[in-house]
Amino acid sequence: MSYNPGDGVRCGSAFWAFATAPYFTTALLRKTVPPGVNLERKGAGIMGDNVRVGVLMGSRNDWETMKRAVDVLESFGIGCEARVLSAHRTPGLAAEYADAAESRGLVAIIAGAGMAAHLAGALAGRTTVPILGVPLSSDPLRGMDALLATVQMPKGIPVATFAIGGAGATNAALFAVAMIATTDPEMRRKLAAYRAKQIEDVVQNPDPRSDG
Ligand code: RP5
């Protein structure tokens, strides 16, 4: 018989002992957790409600750059989550995140990674939710490695690729805003206001000497 840890089998019954024995054996071997607590799901960051955009990064060291994407999304009032998930260090969790993306209602996933960056491509191969890739800069190739790895996806599985580093993180988030704005008039209004402010900033401060 197969046993699903999520099944509602009452604890303490003889059937429960019989049904869960294989699970606990496996759990002990894996040093995992009892039924009802899905650590992998938790590890994949699948917890939040009302999340429209996921902001993923391959390492905690990417946060300083990827934070810009979160800041933009939050400034537009878009529900988002930030998670460290790696295509090579935690491939199972990254796959699980991608597999759940559509049913969770995510409209886009922003994926930032450096070096031989394959997080965006690995996610894109498992979901039709649009993947917005942000190549991140690192020594010694300053992001050219990540740029090429992200932009040069073989045909059939697209990744929308943005600029290296902070500009890319910001623009990927703005692109997600624009995607949401196609069906959300309020978001369209906010995006137009954001653009108008950029114009205003230039018009109001045309002389660079005023910066001192
Ligand atoms: C990638 O490898 C990450 O996205 C990061 O940019 C790069 C280096 O990771 P760390 O060694 O700094 O954790 O997976």
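Taken together, the values in this text are just the output of simple stated rules run on the coordinates, not laboratory data. Because the structure is a prediction, the values reported are computed rather than measured. As a convention, Cβ positions derive from the backbone with ideal geometry for all residues, glycine included, and neighbour counts pool all protein chains shown.
Here are some notes:
- All positions within the stretch 71-96 that are away from the ligand (no atom under 16 Å from the Cβ), surrounded by 18 or more Cβ atoms within 10 Å (Cβ to Cβ) and assigned to a helix (DSSP H, G or I): V72, L73, E96
- Among the residues making up the stretch 102-111, those that are over 13 Å from A172 (Cβ atoms) and not in a loop (DSSP other than H, G, I, E, B) are E102, S103, R104.
- G156 on the phi > 0 side of the Ramachandran plot and surrounded by 11 or more Cβ atoms within 10 Å (Cβ to Cβ): no
- Sole residue being over 24 Å from M179 (Cα atoms), in a helix (DSSP H, G or I) and acidic (D, E), chosen from D99, D145: D145
- Selection within the stretch 101-126 - surrounded by fewer than 18 Cβ atoms within 10 Å (Cβ to Cβ), more than 12 Å from the ligand (Cβ to nearest atom), of a type in the set (G, A, S) and touching a residue at least 24 places away in the same chain (Cβ under 8 Å): G105, G125
- Considering the stretch 127-138, the residues that are more than 10 Å from the ligand (Cβ to nearest atom) and assigned to a loop (DSSP other than H, G, I, E, B) include one that is farthest from M179 (Cα to Cα), namely T127.
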